[in-house]
Amino acid sequence: MFKNKRLLAVSISLLLIVSIAGCKSNFEKIRASTDIAKKYQEAVILYNKKSYSKALILFDDLVQRYRGRTEAEDLYYYYAYTNYNLKDYTTARYHFKTFSDTYPNSPKAEECRYMAAYCYYLESPIYSLDQENTIKAIESLQLFINLYPKSERVAEASKLIDNLRSKLETKSYANAKLFLDIGDYRSAVIAFRNSMRDFPDTKYAEEMEFLTIKAQYLYAKNSIEYKQEERYNEAIALYNEFSENYPSSKYLKEAQSLKKDSDKSIVEVRKLLATSLPKVKEQEVKEEEIKNSPNE
């Protein structure tokens, strides 16, 4: 009984191996065939079966062979989507764009122009990484909208642009906050202002305006004495603007504390300069006298 089951299992295994080998052999025969019509037909069958890796092997060969023929348009369309379905978005993007440039009057040209931009969108990385592809995706999607303003895909393209801009907005905010975290307060002030200028409707506006006050306050606090009053006054001006814009802000109490400390620090630095300035002047006079005295 046990031997019969074992023999049956071995037989089934051999049949599977032969079957798989036969399928592979059949594909290799088609791949090596000079019958390009049959090869094209098989490539489409494999594509529809979602056997994209095998379909790509055949399409790679057929693209060159069908160049200039009437079938080339549909073949190239399949070729672009095969790369897309294999998640090779860089290659797919190139072929989608090439299709729309080569066949601008094709009913599929609009779709391929959109897909080229969408591939850029899919290649856009997380906000903390370099955003070159994000910027290119925005440009490509905007170009699509400009070229096809009545397309049913315009709404989706606009939504994708909003998503991408949100990513750039977050990166801009994070970069500015990083300057504050590492103690480069002057750069933080500039970066926060630039971020709010570039993204006037940013969701981080309230927080960034508060952090600008904080960065300016710390910039003043860490400055040399004779420049502190001017810089504290800038922090106070920023506070006044913030309190007017956000009278109920959750940051208002801390902002008020920074303003109070700025007022207090201005009084202190004035006293310090009042006592130290005569000594500085006296030292400058002595240095000038030494400089102008005749050599012995």
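Loop-only trypsin sites (Lys or Arg not before Pro) in segment 56-128, please: DSSP not H, G, I, E or B, and at most 15 other Cβ atoms within 10 Å. All intermediate terms of the calculation are to be shown ahead of the outcome.
On the way: sites: 65, 67, 69, 87, 93, 97, 108, 113; in loops: 67, 69, 87, 108.
Hits after loop and neighbour filter: 67, 69, 87.
Over all alpha-carbon pairs of segment 84-238, lay out the pair-distance distribution in 5 Å bins, whole %, shortest bin first.
Using 5 Å bins, I get a P(r) of 2, 9, 15, 14, 14, 9, 8, 8, 7, 5, 4, 3, 1, 0, 0 for segment 84-238.
If you filter segment 118-209 for GluC sites (Glu not before Pro), then keep DSSP loop positions with at most 14 other Cβ within 10 Å, what is left? All intermediate terms of the calculation are to be shown ahead of the outcome.
Values: sites: 123, 132, 139, 152, 156, 169, 206, 207, 209; in loops: 152.
In loop regions of segment 118-209 (DSSP not H, G, I, E or B), the sparsely surrounded GluC sites (Glu not before Pro) are 152.
Given Cα pairs under 8 Å that are at least 6 residues apart, what percent is the relative contact order of segment 208-252?
Working: 29 pairs, mean separation 17.9, N = 45.
Worked out over segment 208-252, it gives 40 percent.
Which whole-number percentage describes the relative contact order of segment 111-168, with Cα contacts under 8 Å and a sequence gap of 6 or more? Provide the component values of the computation, followed by the final result.
On the way: 58 pairs, mean separation 20.7, N = 58.
Answer for segment 111-168 is 36 percent.
Looking at the calculated P(r) for segment 54-171, what percent of the C-alpha pair distances fall above 22 Å? Working shown, then result.
Numbers: 2556 of 6903 pairs.
Counting every Cα pair in segment 54-171, those more than 22 Å apart make up 37 percent.
Kirkwood hydrodynamic radius (Cα pairs, Å) of segment 130-178? Could you put the intermediate results ahead of the total?
Numbers: mean 1/r = 0.0869 Å⁻¹.
In segment 130-178 this quantity evaluates to 11.5 Å.
For segment 21-97, what is one quarter of the convex hull surface built on the Cα atoms, given in nm²?
Details: hull surface 20.0 nm².
So the Cα hull casts an average projection of 5.0 nm².
How would 130, 184, 198 line up from fewest to most surrounding beta-carbon atoms within 10 angstrom? Don't skip to the answer; put the middle values down first.
Values: 130 9, 184 15, 198 12.
Fewest to most other Cβ atoms nearby, the residues stand as 130, 198, 184.
What order do you get for 275, 134, 212 when you list them from fewest to most C-beta neighbours inside 10 Å?
Numbers: 275 9, 134 22, 212 26.
Sorted ascending by nearby Cβ count, the order is 275, 134, 212.
Say R0 is 25 Å: what FRET efficiency, to the nearest 0.05, do residue 71 and residue 27 get from their beta-carbon distance?
Working: r = 21 Å, r/R0 = 0.85.
E(calc), rounded to 0.05, equals 0.70.
How large is the Kirkwood hydrodynamic radius of segment 183-286, in angstrom, based on all distinct alpha carbon pairs?
Details: mean 1/r = 0.0677 Å⁻¹.
Mean inverse Cα-Cα distance, inverted, gives 14.8 Å.
Using alpha carbons only, how many angstrom separate the centre of segment 236-255 from the centre of segment 98-162?
41
Where a number appears in this text, it was derived from the coordinates with a stated rule and is not lab data. Computed from a prediction, not measured in an experiment: that's the story for all the values here. Neighbour counts run over all protein chains shown; Cβ positions are idealised from the backbone, glycine included.
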